[in-house]
Structure formats: structure tokens, C-alpha cells
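Chemist: Dropping a structure here in C-alpha cells format, bear with me for questions.
The values are calculated or read from the model by the stated rules, or taken from the named source; none is laboratory data. As the structure is a computational prediction, the values presented were derived from the model and not from experiment. Neighbour counts are summed over all protein chains in view; Cβ atoms, including those assigned to glycine, are modelled from backbone coordinates with ideal geometry.
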């Protein structure tokens, strides 16, 4: 299923419905300035033909208001006494609700699109072992991730700014690299974006536990369990983040 294409088509349908609805309401208000049987009958048919309930604008109050405007228009068509003012009011109310619904729809879609844009398949691998970094990077690339790998603190900090990864995978113990500082920078730079930190290490013991307690990663995986385990844990975290 092409979700992007469906989203574009749904957006186009909503815009078309919005434009059609406003056009019919504006035409109806103009017709009420000098009403004729034909113009009022046409307005009633137009209102009946606008199916708000089947669209992304289908709020209950909007649907109810459309029906109210249709009833008022048919009352005017039937020659009901004092039906003109309620008909004008109903059309105004429908127009205002339509505008409000469309604004809210646009805001919701904007937030959704922005959140999806932020949640990109980007992984930064930080490891002073170039062999280990390449092995992880290749495995992630094979799973359709965009990956950068670095071996130094300076390179890692630069990539946090320019690459903006969603997941940081870093070794805990590396010369000239403080993983605590690295993770703090990552979290500050990615504030407002959904991100995760995964730490790996080939060592064990109290020192490692102390670093994990300090950094508080989203996951820790021992290198001793193998590259496949590291990959599987990161994929699991990505799937949970992306759900």
C-alpha cells in the first residue's frame, strides 16, 4: 500500500470538498439576496450533494449544520413564513464550521507530516573499532537505514548536528570519547524529535554499570552476544518508536 499516495489523494479530496462547499455556500448567500424558486431549489440540491460525512472533514457538527442549512433552504423553497433569516444564519454557520474544520485538518496533517519527517531511518554508529563500526553499518544499511559511522568524539558531535540521527548506537568505552557527554549532546540537539540511545560494550563489571546508570540509555546490548543481537535489538526499538 502506497501510504504517501493515499495521503496526497485524501488531502486533494479534502481541498476539493472544502472549495466546493464554500462555493456552494457563497452562491447560496448570493441567491438569497434576490431569491427565486429556481435559485433556492438549486441551493437545496447543492447542499444535499455535499457529503461531508464521507470526507476527512466529516465532523459531526459540520454534518449536522449542513443538514440544518438544507432544511432551512427547503423551508424557504416551500414558502414558509420567516424562513429567509434562518436560512441565511444556517448558511453562515455552515461556512464558519467548514472553515474551522479545514483549518483543524490542515494543522493535524501538518503535525503528522512534521512528526514523520522527524522520524527518519537514520542511525549514527560510534565505535573506535572501524571493523565493528563497518559491520554494524552494513547490517543496518541492508535493512534500509541511512547510516553514518564514526570513530572519534569530534566526528560524532559533528554528525549529531549535520546528520541528525534518530537512533544513536555507541560503544561505551572508547579512548578520547565520553559517552555521557555524547548522549547529553544528542538529547539536547534532538529535543522535540523522537530519538533513542542504544549503548554497546564488550566489557562487564561495576564500571560499566556505573556508566549505564549515568547515561540511562534506552537499551544496552553486550557485544559478546554478537552483531546479530545488536541489530535485532535496534530493529525492535525502531519498530516500537515507529508504531
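Chemist: Suppose we filter 240, 132, 139 for residues that are outside any loop (DSSP other than H, G, I, E, B) and free of Cβ contacts under 8 Å to residues at least 24 places away in the same chain; which single one remains?
Modeler: Details: 132 fails: free of Cβ contacts under 8 Å to residues at least 24 places away in the same chain; 139 fails: free of Cβ contacts under 8 Å to residues at least 24 places away in the same chain.
Selected residue: 240, the only one of 240, 132, 139 that is outside any loop (DSSP other than H, G, I, E, B) and free of Cβ contacts under 8 Å to residues at least 24 places away in the same chain.
Chemist: Assess whether residue 47 counts as being under 14 Å from residue 95 (Cα atoms) and either modelled with pLDDT under 70 or surrounded by fewer than 20 Cβ atoms within 10 Å (Cβ to Cβ) (or both).
Modeler: Considered against the rule, which asks whether it is under 14 Å from residue 95 (Cα atoms) and either modelled with pLDDT under 70 or surrounded by fewer than 20 Cβ atoms within 10 Å (Cβ to Cβ) (or both), residue 47 comes out as no.
Chemist: Something else: Within region 114-129, restricting attention to residues that are outside any helix (DSSP H, G or I) and surrounded by fewer than 19 Cβ atoms within 10 Å (Cβ to Cβ), which residue is modelled with the highest pLDDT? Full working, then the answer.
Modeler: Filtering region 114-129 down to residues outside any helix (DSSP H, G or I) leaves 119-129.
Still in the list and also surrounded by fewer than 19 Cβ atoms within 10 Å (Cβ to Cβ): 119-122, 128-129.
Values: 119: 74, 120: 86, 121: 91, 122: 95, 128: 90, 129: 88.
Taking the candidates together, the pick is 122.
Chemist: To continue, here is another question. I need the full set of residues from region 165-179 which are outside any strand (DSSP E or B) and under 19 Å from residue 217 (Cβ atoms), in order please.
Modeler: Selection gives 165, 166, 172, 173, 178, 179.
Chemist: Which residue pairs have Cβ atoms under 6 Å apart, sit 6 or more places apart or on different chains, and have a first residue in region 18-35 that is without any contact (Cβ under 8 Å) to a residue 24 or more places away in the chain and a second that is exposed (fewer than 15 other Cβ atoms within 10 Å of the Cβ) and not in a helix (DSSP H, G or I)?
Modeler: none
Chemist: Taking only region 142-164 into account, find how many residues are in contact with a helix residue (DSSP H, G or I) (Cβ under 7 Å, 6 or more places away or on another chain) and either outside any strand (DSSP E or B) or farther than 15 Å from residue 235 by Cα (or both). First the steps, then the outcome.
Modeler: To start, the set of residues in region 142-164 that are in contact with a helix residue (DSSP H, G or I) (Cβ under 7 Å, 6 or more places away or on another chain) comprises 143, 147-151, 153, 156-157, 160-161.
Pick out the ones that are also either outside any strand (DSSP E or B) or farther than 15 Å from residue 235 by Cα (or both) and you get 143, 148-151, 153, 156-157, 160-161.
So the answer is 10.
Table: residues versus (1) assigned by TED's automatic domain parsing to the domain that holds residue 135; (2) modelled with pLDDT under 95; (3) buried (at least 17 other Cβ atoms within 10 Å of the Cβ); (4) part of a helix (DSSP H, G or I).
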residue: 181; (1), (2), (3), (4): yes, yes, no, yes
residue: 204; (1), (2), (3), (4): yes, yes, no, no
residue: 207; (1), (2), (3), (4): yes, yes, no, yes
residue: 211; (1), (2), (3), (4): yes, yes, yes, yes
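Chemist: What number of residues within region 214-243 satisfy the criterion of being surrounded by fewer than 14 Cβ atoms within 10 Å (Cβ to Cβ) and within 15 Å of residue 171 (Cα to Cα)?
Modeler: Count: 5.
Chemist: Starting from region 166-184, take each residue that is more than 12 Å from residue 151 (Cα to Cα) and list its partners that are loosely packed, with under 13 Cβ neighbours inside 10 Å, counting only C-beta distances under 6 angstrom and pairs at least six apart or across chains.
Modeler: 180/214
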